[in-house]
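All of the numbers you see were taken from the coordinates with simple rules; none came from a lab. Everything numeric in this text was worked out from a predicted model, so none of it was measured. FYI the Cβ positions are ideal-geometry reconstructions off the backbone, even for glycines, and counts take in every protein chain you see.
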Amino acid sequence: MRWWDLWRDYTLYDKPAVPAQPALSRSWSGTAKGERPAEIDNSDLLPRPDCTRLQSGLVENQDFILLHEEAWKKLHGWYGGGPALRRRVIGSSENQLRVELYPLCLTVFQVDDYGNPERDRPMQIMPSTHETVDQVIRDLLTNLDLRDPDGVHAVRLWHRPNFELDQTSLDSLEGWEQLEMESTLEDVADGASILLERSRGETWPFFQRLRLEYKRQNFKDPRDANVVLEVGDKIDASTTTEEQKWDSYQRDYVWKDVLHWYAATVADAEETRLLVQFHNRPKPKGKSLSIASLLVEGEKAEPIEVGRNYESLDSRGNWHQVNITAENDDKTFEAQLLDEPSTWPVVQPENVRQLSMLTPEAEQAFEKVFARYGSNGVIERGGLRGLLSCATNEYIPEDAPRVAELLKPPFGSEEGVPLAGLKEYWRQYIVRMQDNQSYFVKNELSRLFERVGVEMRSPEEQLLAQGREWIERDSDRLAQYRSQTEPQFQDTRSFRDFRRRDKLDVRFGMEWQTAEVLEVNWEEMTVLVQTTQPNSVNSPSSKSQREWIPMESERLAEFETKSQEAEHEAEPSPLLARSVSTGGVCARPGACGLQNLGNTCFMNSTLQCLSNSTELRSFFAGTSGDPPAFVNQISTSPLSTEGRIAREFSQLLRLMWSNEKRSVAPAALKKLIGQKRPEFSGYQQHDAQELLCFLLDALHEDVNRAPYPFPPAADDENDGQKSEEARAREMWEQHRRRSDSEIVDLFQFQIRSELECPVCRNVSVTFDPIMYLTLPVPKPPHSVSVRVVPADYPLAPLTAIDLEVAETATMEELEGALWTALDRTPSAIPSCFCFADVCYGRIYKHFEPHNLVSTIRPGDNVHAFEVQLSPDVSLAEHHFVDVVVRKRGKATIAAGSAWQYDKFDTPRLIAVTRNASNSDVYDQLTKMAEHMLSSFNIPPPWSFEISAELDASGMRGGELLPNRDTPFRSGPRPPQTLGIDFVQAKQADMLKEALPKPPLNGKGSKGAAGTTLISCLKKGTEREVLAEADSVYCRKCKEFRRQSKKLDLWSLPPLLIVHLKRFGRERLDGPLVKLRCVVDFEMQLDLKDFMCSSSPTSTRFQLYGVVNHHGNVGGGHYTAHAVVTSPAPDRLDPGEWYNFNDSLVDKASETDLDKEAAYVLFYRRVDS
């Protein structure tokens, strides 16, 4: 700024005393004051000479001045110096420009052919945070004079999005992310180092270096002796099998060792070998139990003695126990088989061996088998059947051959089999089966030993059974993780262990979208992803986005974790059911909105009332400094979600009451609810009360303190002999043994249900636990709201009136009801009422006298026009013509031959006889206009016109109605629309201001009549006769009867939920309809008159929440009103009413409560 002041003094720039100033023209001499300034010096604005950033705290026009680029070029050309501090205009307003004084200061390093930054060639740039990466790259290419064939598409920029990392370090490869072309630099750290990478053909050197480094660090090579492997490291490992493979050299199938690769982890590591845990490796076959572990084979018998027992081999290769009975002349022997009733006349001496013996391990195993199945020193018949059933995995009948064999010598007797006999049986059995049928005996003994807890396998076999194996580190059976394998469907995988068709969330630009993995490149550790949301708000193109992304990139997230929080500027819908929590402070802690995820207003309104149920919130969200109480009460019952819904509900409450968000997205809770109850999944509208029932039931099961399995319900036959108080107490205690949670404590109570048989008059009384007081809404008399336009309007004002008539009544009957309500009759001057629907200052639809009242739709703005009739002319001889009242506006064409008009008053209806002339109609409308003006003393001269042939909207004038005796064209009604057009704007404005304000209709065209909550309670506790389909079994009559039923309140909860049954059917086969009825509910409700017990608790309740339903059965919208109190329970804080409309939260009052839309009421008990 000092140089600028010197230059101003030198050139007398902007000095008013000098008539002519040189401005930006060069001046060497003349009337200049002061010396010529030296070169421009901006160094005092900079923190250091090598940086072009401004010092902090500088003030415009005090420390510096902003010049246009052309002005700077002229001054710099004249005086030189610098440095030039170029700044970008990022916006503008009226007479002002927004200039970014403090852009980013970044250091760009080019990357060489090997992916290393060229540290000796840094380049300082100061781009705007609003610039796109594409623009920055173009500027860099221009400054570096780099022109590649592919232009900007052959260049990439890399940065570190994690601000916790050193943004200037070039030594570490951690955290580098590619900047997307369409994104801005808003997420780039100021002062950061940026890498500029150019492609070398089809390769990217820095990208390849990142891939190799990531693979080296995260996927270790087990065969590299320099790599330290730890327990849990992932590797690929293989098994070897011998298989027949085609040998092209020998042109034949040959046996070869084949490697089968599996994903694995390191279970233990030694210097030269690894204990590998295979994943999804098939169980090894035939190695579960070996004959060698069961039997010690006998040695060759030399010499062979007659009379002794030996084992001899038959022609099939099976060994049998034999007794040598004689020696033949040819040195062979004769033998008697001991396991079969037969004799061998010739036994070769080389086929004879000593008896085999069980191994010590097998001896101990059979002792454990005997201990399990034996009793009193033997295994009886039943025990043998169980033993053999376990071994064979089949049903063994009593007369099975093997059972009979065991119960005979030499193994046992009819009493049973001793331990020695059991061992001898299995010894002989193993000997017989050890060769040809060893598979069966090994399977049988494996099952038997497993049942008694005996392990007979070798350590290696035990490891193999667990999917583990020791492998040498230098073996070809080991490889780097995912170098030989790909993820399988059945794998238990981490999120970044990708496989094709995986679903995930991907960030493109600033938006998270759901995507699918198309390809996985384990060599480069990248995945090709493609979005599944081509109709995204921020990416409206019909083409899906596709990109190769590094596996470790922060742009990848688990499926529906980030996309559920994606921000959308458009209104949410079922197709774009995503939302984001909106930051900011609430109007009051707890007055936090809930984002509509797509037709989820039914859930949002329910959650708002539950959020402001102080006792419930304290239990699930806790208080300041204290953890929530529910965490110690999570139930593991199969009826629960194991606390998932409770935890998510707690998380949502804590977020809503943190006062850090103006609105939050309940996406995670909705997802859990949809998983538990599929009907709530998706984005269809649902009933708020049904959602409330499910949510409270789910929360109850998650925190149910009752132990599972629940005790069975007891049926006391002596109930009739006990007092009602005792029976109610026992039923409640029995209910609490199965349902004991904070939800029950807060919301559940008992009702007394009485059934009376119409035949035997037997009375049955039960005391049932309920959580919601569902009350019928008495159907009010059908009512129609009309706005009456009297004949002498505006002298007589408009009036609104509600008429009670049957839906089947005609409009003619409605007219009679209107005369009665007005306490009038047609006067001497005959008149009638015509009914029409008025919209935007014109008559939209006429109701004929024969039309039914039911043809009036909800929302119709029904007017009753009193129309004067001509004397001595019957009603049938009249036609009715619509009249609009307008003010002339601007001309619609330059010539002024057509005008635009504004309707500013209630339309009229006039009666015209069939033979009326134009002059008759003209006079009638002229009198009407003069009557309007004179009624408010508007001074003449009056200026108005009578127009005919108006368009349908009544906003453009047709033709002037001629004041002649020519016939008036009437035709079928409505023949045409006439207009009273006030030409002078001043007169029209005076008349508009003087006109009385139209009254508000009651509650719409239907449903104006109402009832009270007390009436609903009385209706709900009336005695009623059950329908035939609901007949109840009478224990005394032994028949099903249509009994009469009466309900009464027996006890009351701390928090009372009242459900108003607004939806129902007038008949069983009729359509579902909504009762659009005003229910006048009390703010302070006293239920003393509805209690049938002497309960010591208070019967007074205070309203604190309302769920509203606006609309009808086919479509509608839910909102909520609730009292927001302080976060910590405080009885002295009465709280304030707020209106919750999804994410919109407004302060309200008791008078704002909509008693026609109220659907679910929440009351809190007021204890004395």
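Computed values, structure above
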{"quantity": "Selection from Ser193, Leu338, Ala911, by position along the positive dipole direction of the chain (Cβ)", "calculated": "Ala911"}
{"quantity": "Whole-number D in µm² s⁻¹ for region 298-355, Kirkwood Cα-pair radius fed into Stokes-Einstein, 4 °C, 1.567 mPa s", "calculated": "118"}
{"quantity": "Region 212-284: GluC sites (Glu not before Pro) in DSSP loop, at most 12 other beta carbons within 10 Å", "calculated": "Glu230, Glu270, Glu271"}
{"quantity": "Rounded tilt (10° steps) of 438-452 against the dominant C-alpha axis of the chain", "calculated": "70"}
{"quantity": "The chain: angle of helix 688-702 to the longest principal axis, Cα-based, in degrees nearest 10", "calculated": "30"}
{"quantity": "Interchain or long-range residues, amide H under 5 Å from Thr1011's placed H", "calculated": "Val1078, Val1079, Asp1080"}
{"quantity": "Principal-axis tilt of helix 985-994 within the chain, Cα atoms, nearest 10 degrees", "calculated": "70"}
{"quantity": "Equivalent ellipsoid semi-axes - Cα gyration tensor, region 358-459, angstrom", "calculated": "20, 15, 14"}
{"quantity": "Sparse-neighbour loop sites [chymotrypsin sites (Phe, Trp or Tyr not before Pro); region 729-804; at most 10 other C-beta within 10 Å; DSSP]", "calculated": "none"}
{"quantity": "Taking the chain and dividing mean pair separation by its residue count, relative contact order in percent (alpha carbons under 8 Å, at least six apart)", "calculated": "7"}
{"quantity": "Mean Cβ count within 10 Å, highest first, over the residues of peptides 380-386, 349-355, 864-870", "calculated": "864-870, 380-386, 349-355"}
{"quantity": "Debye-sum result for region 748-898 in log10 I(q)/I(0), which assumes one identical scatterer on each alpha carbon, at q = 0.09, 0.16, 0.19 Å⁻¹", "calculated": "-0.51, -0.95, -1.22"}
{"quantity": "Theoretical gain in end-to-end length, Leu639 to Lys300 [0.36 nm per residue, Cα-Cα removed]", "calculated": "115.3 nm"}
{"quantity": "At 1.002 mPa s and 20 °C, Stokes diffusion of region 1018-1065 via Kirkwood alpha-carbon radius, µm² per second", "calculated": "158"}
{"quantity": "Kirkwood hydrodynamic radius of the chain, from inverse mean 1/r over distinct Cα pairs, in Å", "calculated": "42.0"}
{"quantity": "Mean Cβ count within 10 Å, highest first, over the residues of peptides 1050-1056, 1014-1020, 626-632", "calculated": "1050-1056, 1014-1020, 626-632"}
{"quantity": "For region 385-515, size of Cβ-based charge dipole, Lys and Arg +1, Asp and Glu -1, in debye", "calculated": "440"}
{"quantity": "Subset of Lys215/Lys245; Lys1019/Lys1074; Lys234/Lys562; Lys1018/Lys1045; Lys670/Lys779; Lys1045/Lys1155 violating a 23 Å alpha-carbon distance limit", "calculated": "Lys215/Lys245; Lys234/Lys562; Lys670/Lys779; Lys1045/Lys1155"}
{"quantity": "Quotient of Cα Rg and 2.2 N^0.38 Å for region 247-312, N being how many residues it contains", "calculated": "2.13"}
{"quantity": "Computed helical MRE - 222 nm, the chain, DSSP H runs ≥ 4 contributing -39500 (n - 2.57), nearest 500", "calculated": "-6500 deg cm²/dmol"}
{"quantity": "Among Asn318, Thr636, Tyr395 the positive-end extreme of the charge dipole of the chain (Cβ point charges)", "calculated": "Thr636"}
{"quantity": "Signed unit charges on C-beta, dipole axis of region 783-994, positive-most listed residue Gln976, Val788, Phe865", "calculated": "Gln976"}
{"quantity": "Inter-centroid distance (Cα atoms) of region 356-423 relative to region 787-849, Å", "calculated": "102"}
{"quantity": "Magnitude of the charge dipole, the chain, Cβ model with Lys/Arg +1 and Asp/Glu -1, debye to 20", "calculated": "3260"}
